[in-house]
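Since the structure comes first, as structure tokens, the remarks are kept for the end.
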Amino acid sequence: MLDAGIVFLQTLVSFVVLLFLTRLLGKQQWSQLTFYGYLNGITFGSIAANVATDDLANAPDHLIGLVSYGLLTLAVSRMALKNRKFRKMVAGEPVVVIQDGNILEDNLREMNMNLDELTMLLRAENIFDYKELELAIIEQSGALSVLKKPAYQGVTRKDLQIKEKSKGLAVEVIIDGQIIYENLRAMDLDGRWLVEQLRQRKIANASQVCLATVNKQQKLQIDLFDDVIPGQMDLSEEDTPKLSLDGIQLRSKDAPSKNLP
């Protein structure tokens with residue numbers, strides 16, 4: 001049986017190497033999980049577990065395997081970026097499953113997908129009538145993308161000719177009570193402006209603020225650690241008062257009938 005200290009050190013090494021490989025492979029590898037990425041994730045996890053828990057004598061072999069697998073994955077990803085045919089072979093390609101309100105059964109069979117799975121994906125996109133769709137596409141990740149027919153698309157501000165200025169990206173200026181001065185400077189603001197805004201809201205210190213953001217119009221939005229919300233909902237069941245028949249207050253019309261025995 002391995003010593004607990006050795007297991008901890010092996011786990012630490014495995015974690016650091018796995019973290020490094022994850023950053024090296026980039027965000028796309030993990031955020032857009034294709035079938036190829038899914039298999040990679042399982043393999044990485046399996047090898048990393050062996051590095052952490054196997055005998056110390058075997059740990060270097062597993063570590064070499066983990067690094068080698070990561071470098072091979074990186075090489076495949078780089079090749080896929082440069083060669084579209086290779087990318088399609090590795091990651092697959094999108095498949096149209098509904099066109100002009102018609103289900104393409106042959107394409108479903110090629111993906112080994114049945115109608116129950118398709119309708120489940122449609123419901124997840126709030127589509128309950130496939131006849132409303134101009135296109136439905138199964139992406140490489142297995143996600144469903146839909147395009148409704150014009151008659152079923154929602155009305156936009158452009159359709160109504162309503163002009164609206166963009167509010168821009170809201171930038172964090174306070175996070176967990178800490179002022180982010182770099183973001184303030186990026187918005188052409190300073191700490192003095194922020195302090196004045198807090199005072200106007202009767203906030204004595206930035207440490208009371210959980211999150212504060214500023215948009216392009218220099219409008220400050222604040223969320224405090226101790227929010228006072230009238231009628232705040234509590235879904236916890238721990239403090240729910242117990243109800244019993246003895247605790248029910250009867251109104252006059254609810255009073256028991258005298259005719260009952």
(message) So in segment 1-46, with the set limited to residues that are of a type in the set (Gly, Ala, Ser) and part of a helix (DSSP H, G or I), which one is modelled with the lowest pLDDT?
(response) Ser31
(request) Name every residue in segment 92-106 that is in contact (Cβ under 8 Å) with a residue 24 or more places away in the chain and either among the aromatic types (Phe, Trp, Tyr) or not in a strand (DSSP E or B) (or both), in order of residue number. (result) Gly92, Glu93, Pro94, Asp100, Gly101
(message) Quick check on segment 130-183: of everything there that is in contact (Cβ under 8 Å) with a residue 12 or more places away in the chain and of a type in the set (Phe, Trp, Tyr), which residue is nearest to Glu110 (Cα to Cα)?
(response) Tyr130
(message) Checking the structure you have, find out if any residue of segment 238-251 is of a type in the set (Ser, Thr, Tyr) and at pLDDT 90 or above.
(response) no
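A quick yes/no check of all residues on (1) surrounded by 11 or more Cβ atoms within 10 Å (Cβ to Cβ); (2) outside the structural domain of Leu9 (by TED's automatic domain parsing); (3) on the phi > 0 side of the Ramachandran plot:
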{"site": "Ala52", "(1), (2), (3)": "yes, no, no"}
{"site": "Ala59", "(1), (2), (3)": "yes, no, no"}
{"site": "His62", "(1), (2), (3)": "yes, no, no"}
{"site": "Thr73", "(1), (2), (3)": "yes, no, no"}
{"site": "Arg84", "(1), (2), (3)": "no, no, no"}
{"site": "Asn107", "(1), (2), (3)": "yes, yes, no"}
{"site": "Leu121", "(1), (2), (3)": "yes, yes, no"}
{"site": "Ile127", "(1), (2), (3)": "yes, yes, no"}
(request) For Leu56, state whether it is outside any helix (DSSP H, G or I) and either over 21 Å from Pro94 (Cβ atoms) or at pLDDT below 80 (or both). (result) yes
(request) Filter segment 182-192 for residues that are outside any loop (DSSP other than H, G, I, E, B), farther than 23 Å from Asp226 by Cα and of a type outside the set (S, T, N, Q) and give the result. (result) Glu182, Leu184, Arg185, Ala186, Arg192
(message) Among the numbered criteria (1) more than 26 Å from the chain's Cα centre (by Cα); (2) closer than 30 Å to Ser77 by Cβ; (3) in a loop (DSSP other than H, G, I, E, B), which one does Val155 miss?
(response) (2)
(request) Could you figure out which of (1) in a helix (DSSP H, G or I); (2) closer than 14 Å to Ile103 by Cα isn't true of Ala136? (result) (1)
(message) Can you tell me which residue is farthest from Leu198 (Cα to Cα) among those in segment 158-181 that are in contact with a Cys (Cβ under 9 Å, 6 or more places away or on another chain) and in a loop (DSSP other than H, G, I, E, B)?
(response) Asp176
(message) Checking Ile42 against (1) under 28 Å from the mean Cα position of the chain (by Cα); (2) surrounded by 13 or more Cβ atoms within 10 Å (Cβ to Cβ), only one condition comes out false. Which one?
(response) (2)
(request) Identify all residues within segment 86-116 that are under 11 Å from Ile138 (Cα atoms) and of a type in the set (A, V, I, L, M); write none if there are none. (result) Val95, Val96, Val97, Ile98, Leu108, Met111, Met113
(message) Of everything in segment 53-75, what is closer than 16 Å to Thr22 by Cβ and in contact (Cβ under 8 Å) with a residue 40 or more places away in the chain? Give them in sequence order.
(response) Leu63, Leu66, Val67, Gly70, Thr73, Leu74
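The values are calculated or read from the model by the stated rules, or taken from the named source; none is laboratory data. Small disclaimer: the values here were computed from a predicted structure and weren't measured. Because the Cβ atoms are built from the backbone with ideal geometry, glycine has one as well, and the counts that use them run over all protein chains shown.
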